[in-house]
1. Quick check, is Val354 farther than 23 Å from Gln278 by Cβ, in the same structural domain as Tyr257 (by TED's automatic domain parsing) and either free of Cβ contacts under 8 Å to residues at least 40 places away in the same chain or not aromatic (Phe, Trp, Tyr) (or both)?
2. Cβ-Cβ distance below 8 Å, separation of 6 or more or different chains: which pairs start in the range 257-278 with a residue that is under 26 Å from Val289 (Cα atoms) and β-branched (Val, Ile, Thr) and end on one that is part of a loop (DSSP other than H, G, I, E, B) and modelled with pLDDT of 90 or more?
3. Out of the range 345-393, which residues are assigned to a helix (DSSP H, G or I), under 31 Å from the mean Cα position of the chain (by Cα) and of a type in the set (Asp, Glu)?
4. Can you name the strands (runs of 3 or more DSSP E) wholly within the range 1-82 that have at least 1 residues being crowded, with 16+ Cβ neighbours inside 10 Å and in contact (Cβ under 8 Å) with a residue 60 or more places away in the chain?
5. Hey, Ala376 hits all of (1) loosely packed, with under 14 Cβ neighbours inside 10 Å; (2) touching a residue at least 40 places away in the same chain (Cβ under 8 Å); (3) small (Gly, Ala, Ser) but one; which does it fall short on?
6. Test Glu304 against the criterion of being in contact (Cβ under 8 Å) with a residue 40 or more places away in the chain and loosely packed, with under 13 Cβ neighbours inside 10 Å, and give yes or no.
7. Is it the case that the range 55-67 has a residue that's within 25 Å of Ile144 (Cβ to Cβ), in the same structural domain as Ile144 (by TED's automatic domain parsing) and of a type in the set (Ser, Thr, Tyr)?
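The values are calculated or read from the model by the stated rules, or taken from the named source; none is laboratory data. Predicted, not measured: the structure shown is a model, and the values here were computed from it. Cβ atoms come from the backbone with ideal geometry, glycine included; neighbour counts cover every protein chain shown.
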Amino acid sequence: MDPLSALRDFTIRGELDKVAQVGNEVRFGSNYAFPCSIETAYRSKQGNLYTLQTLVFFIKNYSLKHTEFIQSARGNRLPAVTLPDRKPLFDYLTGKIDSTDQIEFHLPQNPNALDASRIETTLLGDETQRNNNDFEILDYMSMIRAVEKPLKDLEALLECKNSDFYSVLVSSTRREEERQRIESHQRKDGLMVAETIFNEWPHLERLEALVDVENVGSQKLKGGKIGEGVPIILVPSAFQTLLTIYNVKEFLEDGVYIPTEVKVKSMNGVRPECVTVQKKFSRDRDQVVKAYEVRDKPSALKPEDWDRVVAVFVLGKEWQFKDWPFKDHVEIFNKIIGFFMRFEDDSVESAKIVKQWNVKIISISKNKRHQDRAAALEVWDRLEEFVRSRSHS
């Protein structure tokens, strides 16, 4: 479609609000785009062809008096539509008349049905027209631009209609859960191998030569006070705490805090009984990977399991420690390192009780997720220091 017909079409349909100048182009919604300076097929009575930019300005400001219109056009540095052309041009653009002698279409209305004889005459030349000085020199770039129809513009591409990013999150979370499940089975297999080697070859003084004992979690072989098996970290089962069985892995392994309600939704409400987290520590210039079990049901622990509990994230409520095999808070936090997670801008009252206990308060921001990693590293550093001192006590 040529620019004059496009402007007439949008005017008749009452969609001039969709006609706008963007840079050096006049865009008709997402349908068409033409250069502002392209000449239209409407010739003024003074002999010149009006540009598209001039006609758009005219039809959008037709309600102005002609003197005001002239001044406004000059202010916008645009050639103005002359007074004799105003009414016939307005009648044509609004559909009151279908044609006028002032319209000179040099291109077919349908760009897909170009007249082959016209093209041949133009490109190869027609001697008769040459002799009569009627040969027209056409601006071929203007011809091409006049029939262009962009399918998409930048704004349309950014709309992302019918996109569902939540499904992407759910899919990635499921893959991560599957990876965790596989790793958990592999670690259990490693524990069985370590036990078999120890039982069959008890005379080996350095089992580490065959198996990295810390890697599979059998820390009793190191001569410390920690019970046999993977060490345990306890978290509250209540949702009003920041760290739960749902989001603990992302926080401790990746250093990213994800609200519990978001994780619950992505996991379709499936509650894990146990989550395994890993951390790399430096030991004698080597990287050692330690595995920890995270649980939120202390009542399910066997008496021998309590020897493996090394850390607890406290809720700040006395009832959290009901039926624990310790006589008081002093004994609990001597044998187990305690952490309390809070938002840094929470009231002091939220940590009033835990400040009376021997626990470390870990503060994170509500919005600045890039700061989560420092908080997670602080947990690991203090936990490693506590486990090391407990093993040598």
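1. Working: farther than 23 Å from Gln278 by Cβ: yes; in the same structural domain as Tyr257 (by TED's automatic domain parsing): yes; either free of Cβ contacts under 8 Å to residues at least 40 places away in the same chain or not aromatic (Phe, Trp, Tyr) (or both): yes.
Here the answer is yes, as Val354 does meet what is asked.
2. Ile258/Asn247; Val275/Ile245
3. Across the range 345-393, the qualifying residues are Asp372, Glu378.
4. 25-28, 32-35, 39-43
5. That leaves (1) as the condition not met.
6. yes
7. no
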